[in-house]
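So the structure is just underneath, and the comments pick up after that.
The values are calculated or read from the model by the stated rules, or taken from the named source; none is laboratory data. Note that the coordinates shown come from a computational prediction; the quantities given were computed from them, not determined experimentally. All Cβ positions, even for glycine, are placed from backbone atoms using ideal geometry, and neighbour counts span all protein chains on display.
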Amino acid sequence: MSQKYTAHESAYIDEGCTIGEGTKIWHFSHIMSNCTLGERCNIGQNVVISPEVTLGNNVKVQNNVSIYTGVTCEDDVFLGPSMVFTNVTNPRSAVNRKSEYAKTIVKKGATIGANATIVCAHDIGEYAFIGAGTVVTKDVPDYALVVGNPAKQIGWMSQYGHRLEFDKDGIAVCKESGRKYELKNKTVRILE
C-alpha cells in the first residue's frame, strides 16, 4: 500500500503515527510516537509534535512550532510561526512530571499568531484569534480576539478572521462572508 501523505527526506516520523491523506511534512520536522495527524495538514519546517498529540483535518502548523503531549487541535486550526504550547504548569529539570501533563484543546477554526505561548490547561474556543506574541493564561471563548501578556480580550472575530463590530442590538456582519453574528451575554453565535 502506498503512502498517502508527503514527508521531506529530512523529516522524522516515529512508530505508531497515523497521518491522513494529503498531509505534508516539511524539512527537519519530527513527528513523535503515536501522533494522529488528520487529512490535508501542513506541517512546516523545524516543527516538533510530541507523543500522542492529535491534529484534526486541515491544520496548518507554521515553521518552528512545538506542540507538546496533552495538546489536541481540532479541524482548521492555524498555528503561527514559532508559537509554543506548554504541558506542565510548574516544570523543574530535576523533577519528573511526565505523569502530570495537562490537557489543552484548540477548537475548530482557531488561529494562534506568531510567537504566542499557550500555557497548558487553557482551552482556545472555536474561531478564536490569538494575536502575535500573546501569552494565554486562561481559557479563551469562541470567536474572541485576545492580545498581550497576559492575554486580554479586545474584541470578537468572524469565522473569516475579520473583527466584528456589534451594533446597539448586538448584531454584526462579517465584511467578507456577509454572515450575521449575535453578541448576547458575552457569547457570540452565528445567526442562521
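Could you list, in sequence order, the residues of the stretch 110-125 that are more than 15 Å from V147 (Cβ to Cβ) and touching a Gly at 6+ places or on another chain (Cβ under 9 Å)? Listed by number, the residues that qualify are C120, A121.
In this entry, E74 passes the filter for residues that are charged (D, E, K, R), under 23 Å from A102 (Cα atoms) and surrounded by 16 or more Cβ atoms within 10 Å (Cβ to Cβ).
Go through the stretch 116-167 and count every residue that is more than 24 Å from S66 (Cβ to Cβ) and hydroxyl-bearing (S, T, Y). Total meeting the criteria: 3. For T72, the conditions (1) at pLDDT 95 or above; (2) closer than 27 Å to G125 by Cβ; (3) part of a loop (DSSP other than H, G, I, E, B) are fulfilled apart from (3).
Within the stretch 30-47, the residues that satisfy the criterion of being crowded, with 19+ Cβ neighbours inside 10 Å and part of a strand (DSSP E or B) are I31, L37, I43.
The residue that is surrounded by the most Cβ atoms within 10 Å (Cβ to Cβ), among those in the stretch 92-130 that are within 18 Å of I154 (Cβ to Cβ) and of a type in the set (F, W, Y), is F129.
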